Amino acid sequence: MRNSFRAAAGLGLMLSMTAAAQAGGDAARGEARFQDCAACHKLEAGSNDVGPSLHGIFERKAGTLADFRYSPAMKRSGISWTPETLDKFITEPQAMVPANRMPYAGMANPDDRADLIAYLQKTSK
Amino acid sequence: MTTKLREVDVVIVGLGWTGGILAKELAESGLKVVALERGAPRTSENDYSLPNIRDELRYVVRHDLMQNTARDTLTVRNNPTQEALPMRRLGSFLPGEVVGGSGVHWSGHTWRWTDMEFKIRSNYEERYGKKFIPDDMTIQDWGITYAELEPYYEKFEYTAAVSGKAGNINGKIQAGGNPFEAPRAREYPLPPLTPILASEMFSDAARNAGYHPFPRPSANASQPYTNPDGSKFGGCQYCGYCQRFGCEANAKGSPHMTVIPIVMRNSNFELRTHSWVTRVVKDNDGKRVTGVTYTNVLNGEEFEQPATMVLLCAYAINNVHLMLLSGIGTPYDPVAQKGVIGKNYCYQTGAGATLFFEGKYFNPFMSAGGSNATIDDFNINWEFDRGPHNFVGAYNVNGGFNTALPIGYRPVPSGTPQWGSEWKRATAKWYQTAMTIGASGSVMSNRYNCYDLDPTYRNAFGQPLMRMTFDYKANEHRMGTHAAQVINDIAKSMNPTKLNPAVARTNPWTVVPYQSTHNTGGTIMGTNPGDSALNKYLQSWDCHNLFVVGANVFPHNASYNPTGPVGALAYWTADAIKNRYVKNPGPLVAA
């Protein structure tokens, strides 16, 4: 209950603050954007691959899954994953968390990121 | 003591590209398959993700993914008058030794060999007459056609996520692709990689010279991709650690992240790692094989694995070695020119120039396995008249980078001292400013280039080492000289500040510096048992339930990298086994 309440509140915040970037996020289109991630990240709980499982990503801090070997940079980052922080991170991962180990240059298009985040919000629970 | 295990339908020796493809296809058809891999189990998530990769010392200097020469190696010599000596450290070529084999550490260059190779003797005799081919050049037609292999090339390209631009779709020439390629039924699965500055400069110069540059097709996914089996690829990040490394982004088409994890989920399949196969066991009448013997290299335990069918899918050299050790087929004798096992060993040749441009920044640390441009004007272009130059074969020319290592890649102009403060100054000054133009050339088979068992040296299992007798012949010298001239003409037209010109390889071949892991021949395919070891389905002429798969089946070596036809032939053989052999076991071609 509490999670769904938070998600609803978060949605309201997004509409007012970052409407251009995220309000149009379309989870169906985001599934295609997830192709960028799928070679290394799974959505099932406990299923770490080259990258950590994305299950429950919006309910945890960065670098905190016990059974995944994170970079020191990611462990130290102190980021709490929210649609906003994830949007900033995947824009250019090395800019937000320098020396993190994700081999991904970034997703430049804000609409693509909004779609991807909408998809993750739906599927990572 | 050897423990005899329960019989299975198929035992596969070696789990790289060919073993992985055959394991998946045959297990899915319902056969019980066991694969024996000499190396360790390795996965992208545990072994090739950061920070475990990008380690030049571990992977390049200490050859972490390659054959352990303390256990088994080969002896080498240039000609039969010499005493062959063991190669105690890997050099000229790098056979893989992990789950995924050399398919883990390759660069991904994927070419379609054409009827120019498959009908080589017929082609040259028809155009130039029988006398054009030297007496000691043992080239022969392969017994297969491009048309037969075309769908299997495509299957491999779509499995391995090859990025490229078609040059000929169903006979229609496509702008931007290789106009000389044989017709393909459809486009590559992915568009070409983003060109780097060096390959763009090379392409411009080649175009100005009247040649036809195109992006080199490579199994480096230019964008995220899901292959027809559902294997997921990330997009290439141009990290620069391709050749000799596993891919940290799952962007390089490799068996360990495609066919192997799929067959691992199939209950018909079992993988045993650290399993070194020592022998293929023959039936009493010598007409069939009954399985293999192997040793667990972790504890020395010995096993016999009986099987209805044996598939040799190890590295090309090791496949031939196993045939010789097992006494299958008649060993080749270069003096009498009798026998077939060990015949037609071939390598590749090449020439390269380094160009230095003061003021340019090539960023050589950023590249993909296939971020080069290539011209085939002197390769599969049959309009190019070899007659005046008097050589059989071909070469392709490419410009760009592939794995310019931060420590090992130290381009400096000729004449720079090899160490000391002068060298340090030069390497700092020129590192960013250098690019290369190189040629990769074919090697025609020759009666004296061959394998046999060494009379002196033995491996850790007490078996004779493989002996390789190889040198470049006058044909290759002439071709290399032509290639060097073409390279230097293109290079000079680009007006570099300094140029280390290309020089043909005319000195005797040596096993010491790395050259290429493109060893071919030894158990060649052909049309009859008199001059080949295998029929066109890679089935042994001697034992019909034995198939030998890999570049060891090539009757000669082309200028192209071998993995395209190696992958295509694995799918081709899988179909022949599934659709024909299993229903009616016996020779698929009448001898």
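Numerical summary
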| read-out | value |
| --- | --- |
| Qualifying position, being within 21 Å of the chain's Cα centre (by Cα) and not acidic (Asp, Glu), among B:Ser254, B:Ser275, B:Ser267, B:Ser231 | B:Ser254 |
| Unique match (being out of contact with any helix residue (DSSP H, G or I) (no Cβ under 8 Å at 6 or more places or on another chain) and hydrophobic (A, V, I, L, M, F, W, C)) among B:Val340, B:Val320 | B:Val340 |
| Those residues of the stretch A:38-59 which are surrounded by fewer than 14 Cβ atoms within 10 Å (Cβ to Cβ) and either of a type in the set (Val, Ile, Thr) or away from chain B (no Cβ under 12 Å) (or both), in sequence order | A:Glu44, A:Ala45, A:Gly46, A:Glu59 |
| Among residues of the stretch B:225-242, those that are within 11 Å of chain A (Cβ to nearest Cβ) and either of a type in the set (A, V, I, L, M) or under 21 Å from B:Ile53 (Cα atoms) (or both), counted | 9 |
| Long-range neighbours under 8 Å by Cβ, at least six apart or interchain, first residue closer than 20 Å to B:Phe156 by Cα within the stretch B:1-16, second aromatic (Phe, Trp, Tyr) and assigned to a loop (DSSP other than H, G, I, E, B) | B:Gly14/B:Tyr315; B:Gly16/B:Tyr315 |
| Single match in A:Thr91, A:Thr82 (criterion: at pLDDT 95 or above, touching a Phe, Trp or Tyr at 6+ places or on another chain (Cβ under 7 Å) and surrounded by fewer than 19 Cβ atoms within 10 Å (Cβ to Cβ)) | A:Thr82 |
| Qualifying position, being in a helix (DSSP H, G or I) and surrounded by fewer than 18 Cβ atoms within 10 Å (Cβ to Cβ), among B:Glu187, B:Glu200, B:Glu157 | B:Glu200 |
| Residue in the stretch B:425-445 that is under 23 Å from the mean Cα position of the chain (by Cα), at pLDDT below 95 and surrounded by 15 or more Cβ atoms within 10 Å (Cβ to Cβ) present | no |
| Conditions (1) farther than 23 Å from B:Gly164 by Cβ; (2) assigned to a loop (DSSP other than H, G, I, E, B): number failed by B:Glu383 | (1) |
| Boolean, B:Ala502 is of a type in the set (Gly, Ala, Ser) and either assigned to a loop (DSSP other than H, G, I, E, B) or farther than 22 Å from B:His389 by Cβ (or both) | yes |
| Total residues in the stretch B:28-57, condition in contact (Cβ under 8 Å) with a residue 12 or more places away in the chain, within 14 Å of chain A (Cβ to nearest Cβ) and more than 30 Å from B:Val548 (Cα to Cα) | 4 |
| B:Glu25 being free of Cβ contacts under 8 Å to residues at least 40 places away in the same chain, assigned to a helix (DSSP H, G or I) and closer than 19 Å to B:Met257 by Cβ | no |
| Pick from the stretch A:93-115, criterion touching an Asp or Glu at 6+ places or on another chain (Cβ under 9 Å), away from every other protein chain (no Cβ under 12 Å) and of a type in the set (A, V, I, L, M, F, W, C), ranking: nearest to B:Leu50 (Cα to Cα) | A:Ala108 |
| Qualifying residue in the stretch B:193-205 (condition: more than 30 Å from B:Thr330 (Cβ to Cβ), within 14 Å of chain A (Cβ to nearest Cβ), touching a Lys or Arg at 6+ places or on another chain (Cβ under 9 Å) and small (Gly, Ala, Ser)) | no |
| Spans of strands (runs of 3 or more DSSP E) in the stretch B:247-304 with at least 3 residues in contact with a Ser or Thr (Cβ under 8 Å, 6 or more places away or on another chain) | B:275-282, B:289-296 |
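Condition check ((1) surrounded by fewer than 19 Cβ atoms within 10 Å (Cβ to Cβ); (2) modelled with pLDDT of 95 or more; (3) not acidic (Asp, Glu)) across all residues:
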| position | (1), (2), (3) |
| --- | --- |
| B:Glu270 | yes, yes, no |
| B:Thr273 | yes, yes, yes |
| B:Gly291 | no, yes, yes |
| B:Ile328 | no, yes, yes |
| B:Gly339 | yes, yes, yes |
| B:Asn344 | no, yes, yes |
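The values are calculated or read from the model by the stated rules, or taken from the named source; none is laboratory data. Quick caveat: nothing in here was measured; it's all calculated off a predicted structure. Positions of Cβ are backbone-derived with ideal geometry, glycine not excepted, and every protein chain shown enters the neighbour counts.
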